[in-house]
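Here is the structure we will look at.
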Amino acid sequence: MANEWLRADAAMMMEALSEQMQGIAKIQRDRSRLIASATACEKRITVTVNADGILIETRFADDIGELSYAEIAGAMTEAVQAAARKASEECRRLMEPLRERKSRLPRLSDLIEGAPDLGSAMPVAPPASVAPPNSPERRHDNEDTRFRDAEKLGRRSMVSDLDE
């Protein structure tokens with residue numbers, strides 16, 4: 001009897017995995033075609049980015065010459081960031097059905113007693129900064145990533161594992 005339940009659970013998991021893979025393939029296809037645009041300076045500047053937020057097109061209106069270089073530079077940054085936010089939001093929207101389906105699946109820890117919940121162990125990446133270079137937000141001390149009790153050994157060889 002327990003063996004039949006195990007088989008049924010395994011079959012359900014395999015079917016769900018197959019559906020998940022098909023969903024992922026469709027999302028990847030849709031994402032690869034995704035673009036987002038934004039304008040700035042009273043529509044004098046229009047930019048388009050791909051799903052990764054990479055600028056793929058820039059268009060200037062005929063009267064762009066009325067703006068200073070500083071105004072154009074600032075507006076370009078603003079427009080590209082706005083378009084990238086739109087693309088990111090659209091990617092999140094594309095992923096939502098997959099996330100919903102995933103939330104309905106049992107976790108490994110639900111199926112196997114004592115198994116760890118791997119989802120909770122996954123570190124969450126902080127959002128990338130949009131601050132310009134050399135801004136206060138980008139100046140940070142990496143003290144939290146250093147080992148305080150480690151000894152400095154000197155330069156390591158580029159061709160072997162051994163210290164010089």
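The values are calculated or read from the model by the stated rules, or taken from the named source; none is laboratory data. Note that the coordinates shown come from a computational prediction; the quantities given were computed from them, not determined experimentally. Here the Cβ is made from the backbone with ideal geometry for all residues, glycine too, and neighbour counts use every protein chain on show. With ligands, DNA and RNA removed, areas are computed over all heavy atoms of the protein, side chains included. Shrake-Rupley method; radii C 1.70, N 1.55, O 1.52, S 1.80 Å.
General remarks:
- In this structure the range 1-72 gives 74 Å² per residue of accessible area when probed at 1.4 Å with all protein chains present.
- Formal net charge of residues neighbouring residue 64 (Cβ-Cβ distance under 12 Å; K, R +1; D, E -1): -2
- Distance between the 7 Å Cα→Cβ label points at residue 100 and residue 31: 1.9 nm.
- Those trypsin sites (Lys or Arg not before Pro) in the range 26-127 that DSSP places in a loop and that have at most 12 other beta carbons within 10 Å: 43
- Taking the square roots of five times each eigenvalue of the Cα gyration tensor of the range 19-111, the equivalent ellipsoid has semi-axes of 39, 12, 8 Å, listed largest first.
- Carbon and sulfur %, accessible surface of the range 29-77 computed with the full protein complex present, 1.4 Å: 51
- Residue 3/residue 109 FRET efficiency (R0 22 Å; Cβ-Cβ; nearest 0.05): 0.55
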